[in-house]
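Notes for the one structure printed next.
Just so you know, all these numbers are worked out from the coordinates, no wet-lab data involved. Remember, predicted model here, so these are calculated numbers, not experimental data. Please note: Cβ atoms are built from the backbone with ideal geometry, for glycine as well, and neighbour counts cover all protein chains shown.
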Amino acid sequence: MDVELVAVTPNPEAVIEFAARTCYMSQDRATDESAGRLLPKLLTSGHESPFEHASATFRIRGCSRAMTHQLVRHRLLAVSQKSQRYVSEKGFEYVVPPSIPEEYRADYDSDMETIRRMYEKWKARKIRNEDARFVLPNACSTEIVITGNFREFRHIFRVRCSPHAQWEIREACLVMLDRLLAVAPAVFRDVADAVRSAADE
Ligand SMILES: Cc1cc2nc3c(=O)[nH]c(=O)nc-3n(C[C@H](O)[C@H](O)[C@H](O)COP(=O)(O)OP(=O)(O)OC[C@H]3O[C@@H](n4cnc5c(N)ncnc54)[C@H](O)[C@@H]3O)c2cc1C
């Protein structure tokens, strides 16, 4: 799986601080370091709407439809995903869960090959992509672009980086958290710390 940060609001912490300070008409008190102090205070007090003024776009490739089915449940994300109507899945790639033991790997690959042949059979009968895809597996590899604001990403990371989350969405969200922590530490530090301590338990 490949997770790429495509775009992010320039100077996101300054933008959030500017929005928040508008509430108090204190924009003139912003300094180079003030966002690092103000933003954690906003989060502690539950004043989270300013965090909606910064956003990020990620491209995720080589992940399963099983994973994206979970990701798109997050209703505040903007989503664009490889279509199984407009793009043929002939010879589709697939994701192998790490829980499949090496001794069964050949059997798993063989099942996928069987499904490839099933798909091709229905395509050969002139069935359209949109209906031939009914025989495809959740393992089918896909590509998705998501855009979300920082408030929503904080929520997603809290629930999807948890050890209770499914391994693949967790893996994707841990990478996204890492990328956003680098560009906006005052926004994502507390989430990253909580994720780390939950993983250590
Ligand atoms: C570990 C785990 C297991 C899960 N298992 C299942 C399962 O078995 N079956 C299943 O169907 N789903 C399952 N889900 C998905 C889950 O129920 C949510 O659909 C998903 O996490 C999206 O999160 P959300 O609704 O909190 O947030 P988002 O859609 O990302 O929205 C963010 C926040 O905005 C607010 N919000 C958004 N829309 C509304 C609204 N219409 N009304 C009120 N508030 C709103 C809420 O506060 C919400 O938390 C699972 C999720 C996790 C993390």
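Between the residues HIS74, ALA56, VAL159, the greatest Cα displacement towards the positive end of the dipole of the chain, with unit charges on the Cβ of Lys, Arg, Asp and Glu, is found for HIS74. A simple spin-label model places the labels of VAL96 and THR22 5.1 nm from each other, with each point 7 Å out along Cα-to-Cβ. Mind pulling the angle between the C-alpha long axis of helix 167-183 and the longest principal axis of the chain? Nearest 10 degrees, somewhere in 0 to 90. So the helix axis and the longest Cα principal axis differ by about 30 degrees. Compared with the dominant Cα axis of the chain, that is its longest principal axis, helix 102-124 is turned about 70°. Treating r as the C-beta distance of ASN11 and ASN138 and R0 as 41 Å, the FRET efficiency rounds to 0.55.
Taking the Cα centre of the chain as origin and assigning +1 to Lys and Arg Cβ atoms and -1 to Asp and Glu Cβ atoms, the resulting dipole is close to 920 debye. Compared with the dominant principal axis of the Cα atoms in the chain, helix 150-160 is inclined by about 50°.
Note on the chain: lysine pairs with Cα distance below 30 Å, sequence gap of 8 or more or different chains, count 7. Each residue of region 34-40 was assigned a 3J(HN,Hα) from its phi angle through the Karplus expression (A = 6.51, B = -1.76, C = 1.60, θ = phi - 60°), giving 5, 4, x, 8, 5, 4, x Hz with x at Gly and Pro. Projecting the Cα atoms of MET118, VAL96, ASN129 onto the charge dipole of region 90-135, computed from C-beta unit charges around the Cα centre, puts ASN129 farthest toward the positive end.
Report the FRET efficiency, 1/(1 + (r/R0)^6), for ASP131 and HIS69, where r is their Cβ-Cβ distance and R0 is 22 Å, rounded to 0.05. For R0 = 22 Å, the calculated efficiency reads 0.70.
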